[in-house]
Amino acid sequence: AQSVAQPEDQVNVAEGNPLTVKCTYSVSGNPYLFWYVQYPNRGLQFLLKYITGDNLVKGSYGFEAEFNKSQTSFHLKKPSALVSDSALYFCAVRDEGTGANNLFFGTGTRLTVIP
Amino acid sequence: EPEVTQTPSHQVTQMGQEVILRCVPISNHLYFYWYRQILGQKVEFLVSFYNNEISEKSEIFDDQFSVERPDGSNFTLKIRSTKLEDSAMYFCASSERGRSTEAFFGQGTRLTVV
């Protein structure tokens, strides 16, 4: 069975500092990994994905994420946080081993960037 | 930029009533999905739809739920007899292809069952 863990419900970081939002996963086959961001009363916006290839993927708004197969992690990072990055972040996985198309989401991490 | 649109943005219904949530996916996308999110919590998969039939569904998607693509553009979720616990934000999503492509989400319909 597939699962996604976001161990931190809340992450606080000062503006201008680097940020990391953690995600680990468990799948039976190869993972397809995604990060989404949700602003208040809005839908989910796609940030970036890892399918295959380079372990470091770059996405929207200066975000990047590193796929680490041995640690089954896909942490989201940004070198310099902005106050406007404050939002709810979801990690999601598709399990290539099951053949399913549905995304399985983590519980979300609320990022607050402090001015 | 193309986007997924959902109507209505907010619906209030009485327990036991039927509701239909509507979505217009991105036009060249082939896979369609419904997800729900209860009170800003975890996003849960309900159903996926491809080639005019359900391809996957979760245990949440019981006989009270149904989906339909009545024409070439709309994708609907029907809840036959709503319960209080159906109150949630319902998101429609679509993707161009299958597993390796990202899903694009609509703004959601907030369903409140009273």
(message) Can you return the lysines within cross-link range of B:LYS78? Criterion is Cα-Cα under 17 Å, with same-chain partners fewer than 8 residues away left out.
(response) B:LYS57
(message) Taking a ≥ b ≥ c as the square roots of the Cα gyration tensor eigenvalues, with a/c under 1.5 meaning rounded and otherwise prolate when a/b beats b/c, else oblate, which class fits segment B:1-88?
(response) prolate
(request) Using +1 at the Cβ of each Lys and Arg and -1 at the Cβ of each Asp and Glu in segment A:17-115, identify which of A:PRO18, A:TYR36, A:THR112 lies farthest towards the dipole's positive end. (result) A:THR112
(message) For a quick check of your reading of the filter: which GluC sites (Glu not before Pro) in segment B:57-114 sit in a DSSP loop and have no more than 16 other Cβ atoms within 10 Å?
(response) B:GLU59, B:GLU96
(request) Convert each backbone phi in segment A:28-33 into a coupling constant with the Karplus relation 6.51 cos²θ - 1.76 cosθ + 1.60 (shift: θ = phi - 60°), then list the ³J(HN,Hα) values in order as whole Hz, x for Gly and Pro. (result) 8, x, 6, x, 10, 10
(message) Less than 12 Å apart at the alpha-carbon level, and either on another chain or at least 8 residues along: which aspartates and glutamates does that give for A:LYS77?
(response) A:GLU64, A:GLU66, A:ASP85
(request) Let me know the charge dipole size of chain B about its Cα centre in debye, to the nearest 20, where only the beta-carbon of Lys, Arg (+1) and Asp, Glu (-1) is charged. (result) 140
(message) Placing +1 on the Cβ of each Lys and Arg and -1 on the Cβ of each Asp and Glu in chain B, which of B:GLY106, B:THR76, B:GLY16 has its Cα farthest towards the positive end of the resulting dipole?
(response) B:GLY16
(message) I need the phi-derived Karplus couplings for segment A:67-74: 6.51 cos²θ - 1.76 cosθ + 1.60, θ = phi - 60°, integer Hz, Gly and Pro marked x.
(response) 7, 10, 5, 5, 9, 6, 10, 8
(request) Excluding residues on the same chain fewer than 8 positions from B:LYS42, give the aspartates and glutamates whose Cα lies under 16 Å from its Cα. (result) A:GLU8, A:ASP9, B:GLU59, B:GLU85, B:ASP86
(request) Output the peptides A:51-57, A:24-30 sorted from most to least packed, where packing is the average of other Cβ atoms within 10 Å over each peptide's residues. (result) A:24-30, A:51-57
(request) Please average, across the residues of A:90-102, the number of beta carbons from any other chain that are within 10 Å of each residue's own beta carbon, and give a whole number. (result) 4
(request) Would you mind checking which residues have amide H under 5 Å from B:GLY108's amide H? H placed 1.01 Å from N; only 5 or more apart, or other chain. (result) B:GLN6, B:CYS92
(message) Taking each residue in B:87-100, count the Cβ atoms of any other chain within 10 Å of its Cβ, then average. What number comes out?
(response) 3
(request) Assign unit charges at the C-beta atoms only (+1 for Lys and Arg, -1 for Asp and Glu), then state the dipole size of the protein assembly as shown relative to its Cα centre in Debye, rounded to the nearest 20. (result) 200
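Readers should treat all values here as calculations from the given coordinates under stated rules, not as data from a laboratory. Predicted model, so just to flag it, every value in this text is computed and none were measured. Glycine also receives a Cβ, built like all others from the backbone with ideal geometry; neighbour counts cover every protein chain displayed.
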